[in-house]
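The values are calculated or read from the model by the stated rules, or taken from the named source; none is laboratory data. Just so we're clear, the structure is a prediction, and the values are computed from it rather than from any experiment. Cβ coordinates were reconstructed from backbone atoms using ideal geometry, including for glycine residues, and neighbour counts include every protein chain displayed.
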Amino acid sequence: MGGFCGNKNILAPKKCSGEARHRGLTQNSAPGPKGADIKEFGDSESGPPLIPMIHAIEAGNKPMVAAIEGFALGGGLELALGCHYRIAHSKARLGLPEVTLGLLPAAGGSQRLPRLIGVPAALDLIITGRHVTAAEALQLGIVDQVTDHHTVDAAVKFALSVAGRPLDARRISSYSCPPVSGDLDALFEEVMRKVRRGARGAIAPVACVQAVRAAATLPYARGMERERELMATLFTSGQARALQYSFFAQRAVSRWSTPSGARWDASAPKPVRKVAVIGLGTMGRGIAVALAQAGFPVVSVETQEKQLTEAKRAVSQMLERGAKRRGVAAPLDKMSYSSNIQAVADVDLVIEAVFEDMGLKKKIFQQLSAVCKPDALLCTNTSSLDVDQLASQTRNPELVVGMHFFAPAHVMKLLEVVYGPRSSPQALATAMQLGKKMGKVSVAVGNCPGFVGNRMLKAYVEQAFFLLEEGATPELVDSALEEFGFSMGFFKVSDLSGLDVGWKVRKEDGLALPGVSTGPSARIRQGRRYSPLGDLLCQRGRFGQKTGSGWYQYGKPGGRVATPDPWLHSFLEEYRAQHGLVPRRIDPQEVLERCLYALINEGFRILEDGIAAGPEDIDCIYVFGYGWPHYRGGPMFYAAMVGLPKVLERLEHYYRAHPDVPDLQPCSLLRRLVASGSPPVQKWKEAIKKLHSQL
Ligand SMILES: CCCCCCC/C=C/C(=O)SCCNC(=O)CCNC(=O)[C@H](O)C(C)(C)COP(=O)(O)OP(=O)(O)OC[C@H]1O[C@@H](n2cnc3c(N)ncnc32)[C@H](O)[C@@H]1OP(=O)(O)O
């Protein structure tokens with residue numbers, strides 16, 4: 001009779017002894033259902049050595065059948081690939097997600113999977129780290145059978161049915177990769193080109209391609225050596241540490257708490273059966289689509305008939321495109337539309353998404369308060385306005401929270417859930433849960449101008465403008481930021497989203513004033529340094545891509561390819577001359593330090609003010625909403641990696657050089673963390689609590 005390898009998820013021998021080290025790498029304990037315990041990465045060795053164990057299983061003389069239930073991820077799937085047969089429950093999910101943790105499948109996964117299912121399919125799974133269903137795994141040839149019944153019983157039965165059959169043809173390590181159609185080298189070169197472009201500095205996807213190439217071109221033993229070498233580089237990299245931190249950060253933010261003591265585990269969300277969206281501009285459409293895709297019936301209200309007609313068509317198209325991509329039916333039946341606000345009378349939750357005008361929003365909140373059920377949650381998608389002021393327009397201010405989505409709202413993963421001083425813990429819990437059901441990374445944040453993301457961004461944007469005044473060009477600033485890992489530098493993003501957006505905000509804030517483009521007051525506003533450069537471009541009708549020019553030129557209105565603009569360069573020269581600014585050579589390191597450390601400094605202020613509960617919250621906001629490179633963990637993790645003393649020293653240096661820029665003045669929390677020995681980022685929450693209690 002054959003042996004089998006399975007338990008609730010994958011059964012494997014519990015204990016195994018032997019040499020655990022591989023040239024400086026430590027091996028993790030035998031992987032459980034979800035693969036290795038990520039917390040153990042980086043620790044000293046523990047548990048049985050996985051690779052020899054998998055080899056022993058594969059080399060065995062009895063048929064080994066993996067019975068897979070639940071998740072078989074990472075080392076879990078690698079163990080199953082060492083078995084001679086694999087049987088999965090229909091609800092099982094399989095995958096090699098190591099790349100998402102900055103690693104590669106280094107227990108033979110990168111060598112066995114391509115041998116089993118072919119290079120293109122293996123590349124897809126290993127580079128993306130995506131999970132597949134049992135049905136897809138069967139179709140790909142990863143598993144031999146799928147069962148709806150008791151998986152272990154099915155595996156035993158299967159083992160009995162194959163007992164006595166020769167096993168040589170079942171040992172995947174002895175296979176050659178199935179031939180690919182076309183030229184193998186060309187295939188790898190093309191894949192590598194695409195991966196490098198998409199990775200934007202991430203090293204794990206590149207190493208994954210290299211490992212699979214080794215599987216396709218080298219004998220198994222040499223492929224394993226290559227796998228191990230590549231893993232050695234990744235395992236100790238800062239990128240792996242950042243991605244593993246981010247894995248836990250995403251989970252930590254769902255356990256929200258507020259300074260008033262409200263907590264995720266003490267606040268039950270209200271049931272939400274039907275939702276309304278008010279306003280069908282770009283944001284409203286995206287939010288409605290995201291809600292319908294998450295299975296919620298949505299009533300969308302738009303009072304302007306023309307906009308309503310256009311929006312209906314656009315929303316249907318978005319739903320159909322999304323459904324096509326995911327291979328499901330478009331949830332068109334979830335959507336209903338109205339031009340009358342009375343249509344929201346029976347919903348459990350409303351998301352207001354009209355444009356950023358406090359007067360208009362106040363009026364809508366008054367109407368909603370009169371029309372909606374008394375216990376309906378009233379949410380605003382404002383990106384900057386005071387949630388508390390809106391709450392004060394309603395009968396039940398405790399039922400008002402901000403739900404700040406990011407454009408495009410049906411694509412972007414981030415949701416800032418903004419609680420005001422009067423929001424009830426239940427309202428916050430309900431909005432957080434709704435975000436989760438919509439597939440968002442929901443982060444609870446306090447109410448302050450710009451909340452967390454935009455408040456920090458302001459400091460970064462200001463530095464980018466100042467750098468232009470001092471001698472940089474948009475190209476220089478953008479290339480430094482892109483080199484760092486942002487998909488687009490600030491000036492390109494600004495051209496894409498429209499310079500008029502920031503101009504409008506600055507006008508409302510009393511910063512962009514007409515007629516003060518010259519003279520000493522031009523560069524000082526509200527007692528601090530101010531750069532009117534963005535306002536000056538807007539005054540000339542340069543709003544970015546939509547007008548064909550902004551910080552770059554685009555050939556025509558709506559053009560998408562940014563090219564350096566000689567007019568802009570002359571304009572900057574004239575501007576500097578006019579204001580007596582002597583341009584100097586600015587290097588990319590200064591760009592990064594000024595823009596990123598100013599942003600990080602504001603992050604510390606936010607922690608100090610209790611607007612974000614911990615560094616994980618800020619980091620998730622930046623990774624999922626602002627294009628911060630995932631493999632750098634987020635701004636606060638990055639600060640910890642750079643070293644808090646260094647961040648402090650550079651801020652002090654720049655503040656000395658620019659005493660009229662308060663954003664560069666190191667915040668007291670940063671100073672105190674440095675003084676208390678710069679604890680690792682995972683310990684900041686405790687340190688902050690202690691520091692707060694000492695105040
Ligand atoms: C020579 C070198 C030899 C190299 C040997 C290589 C060894 C093998 C390497 C690997 O296996 S790498 C792959 C590691 N596994 C993963 O990446 C899977 C991670 N987990 C998930 O993606 C999800 O958790 C899930 C399995 C899809 C389940 O999602 P679900 O939403 O249902 O639950 P979560 O909230 O995500 O998780 C619940 C709880 O469990 C914790 N957790 C999950 N997976 C792990 C893990 N692999 N290690 C440690 N902890 C894990 C998660 O943090 C949650 O806990 P709390 O944060 O809520 O306390």
(request) Please work out if VAL354 is farther than 18 Å from GLY435 by Cα, in contact with a helix residue (DSSP H, G or I) (Cβ under 9 Å, 6 or more places away or on another chain), without any contact (Cβ under 8 Å) to a residue 60 or more places away in the chain and of a type in the set (Val, Ile, Thr). (result) no
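For (1) at pLDDT 95 or above; (2) within 27 Å of the chain's Cα centre (by Cα); (3) surrounded by fewer than 24 Cβ atoms within 10 Å (Cβ to Cβ), each residue gets a yes or a no:
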| residue | (1), (2), (3) |
| --- | --- |
| GLY322 | yes, yes, yes |
| ALA345 | yes, no, yes |
| ALA370 | yes, no, yes |
| LYS373 | yes, no, yes |
| LEU378 | yes, yes, no |
| VAL387 | yes, yes, no |
| VAL401 | yes, yes, no |
(message) Tell me whether segment 238-255 contains one or more residues that are among the charged types (D, E, K, R) and away from the ligand (no atom under 16 Å from the Cβ).
(response) no
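Under the condition of being small (Gly, Ala, Ser) and within 13 Å of LEU103 (Cβ to Cβ), which residue from segment 212-237 is nearest to the ligand (Cβ to nearest atom)? Let's see the steps before the verdict.
Filtering segment 212-237 down to residues small (Gly, Ala, Ser) leaves 214-216, 221, 223, 232, 237.
Those left that are additionally within 13 Å of LEU103 (Cβ to Cβ): 232, 237.
Numbers: ALA232: 8, SER237: 14 Å.
Residue satisfying both the conditions and the ranking: ALA232.
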(message) Quick check on my filter: what residues within segment 114-132 are out of contact with any Pro (no Cβ under 7 Å at 6 or more places or on another chain), assigned to a helix (DSSP H, G or I) and touching a residue at least 12 places away in the same chain (Cβ under 8 Å)?
(response) PRO114, ARG115, LEU116, ILE117, VAL119, PRO120, ALA121, LEU123, LEU125, THR128
(message) Anything in segment 592-612 that is more than 15 Å from PRO635 (Cα to Cα) and aliphatic (A, V, I, L, M)? List them, or say none.
(response) ILE611
(message) Whether any residue in segment 145-162 is out of contact with any Gly (no Cβ under 9 Å at 6 or more places or on another chain), loosely packed, with under 13 Cβ neighbours inside 10 Å and in a loop (DSSP other than H, G, I, E, B) is what I want to check.
(response) yes
(message) Residue pairs, Cβ under 6 Å, 6 or more apart or interchain, first in segment 647-658 and outside any helix (DSSP H, G or I), second surrounded by 14 or more Cβ atoms within 10 Å (Cβ to Cβ). List them.
(response) HIS658/LEU664
(message) Quick check on ILE142: is it crowded, with 18+ Cβ neighbours inside 10 Å, at pLDDT 95 or above and either farther than 20 Å from GLY75 by Cα or in contact with a Leu (Cβ under 9 Å, 6 or more places away or on another chain) (or both)?
(response) yes
(message) Name the single residue that is modelled with the highest pLDDT among those in segment 15-71 being in a strand (DSSP E or B) and within 12 Å of the ligand (Cβ to nearest atom).
(response) PHE71
(message) Can you pull out every residue in segment 319-332 that is part of a helix (DSSP H, G or I) and touching a helix residue (DSSP H, G or I) at 6+ places or on another chain (Cβ under 9 Å)?
(response) LEU319, GLU320, GLY322, ALA323, ARG326, LEU332
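Could you tell me which of the residues MET438, MET412, MET432 is farther than 26 Å from VAL493 by Cβ and within 22 Å of the chain's Cα centre (by Cα)?
Working: MET438 fails: farther than 26 Å from VAL493 by Cβ; MET412 fails: farther than 26 Å from VAL493 by Cβ.
Answer to the selection: MET432.
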(message) Anything in segment 386-411 that is touching a helix residue (DSSP H, G or I) at 6+ places or on another chain (Cβ under 7 Å) and assigned to a strand (DSSP E or B)? List them, or say none.
(response) VAL400, VAL401, GLY402, MET403, PHE405
(request) Give the number of residues within segment 72-109 that are away from the ligand (no atom under 12 Å from the Cβ) and β-branched (Val, Ile, Thr). (result) 1
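Residues checked against (1) assigned to a loop (DSSP other than H, G, I, E, B); (2) modelled with pLDDT of 95 or more; (3) acidic (Asp, Glu); (4) surrounded by fewer than 20 Cβ atoms within 10 Å (Cβ to Cβ):
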position: TRP551; (1), (2), (3), (4): yes, yes, no, no
position: PRO557; (1), (2), (3), (4): yes, yes, no, yes
position: TRP567; (1), (2), (3), (4): no, yes, no, yes
position: SER570; (1), (2), (3), (4): no, yes, no, yes
position: GLU573; (1), (2), (3), (4): no, yes, yes, yes
position: VAL582; (1), (2), (3), (4): yes, yes, no, yes
position: TYR597; (1), (2), (3), (4): no, yes, no, no
position: ILE618; (1), (2), (3), (4): no, yes, no, no
position: TRP628; (1), (2), (3), (4): yes, yes, no, no
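Report the residue count in segment 257-276 for those that are within 16 Å of the ligand (Cβ to nearest atom) and within 27 Å of VAL298 (Cα to Cα).
Residues of segment 257-276 within 16 Å of the ligand (Cβ to nearest atom): 257, 263-265.
Going one step further and asking which of them are within 27 Å of VAL298 (Cα to Cα), we end up with 264.
So the answer is 1.
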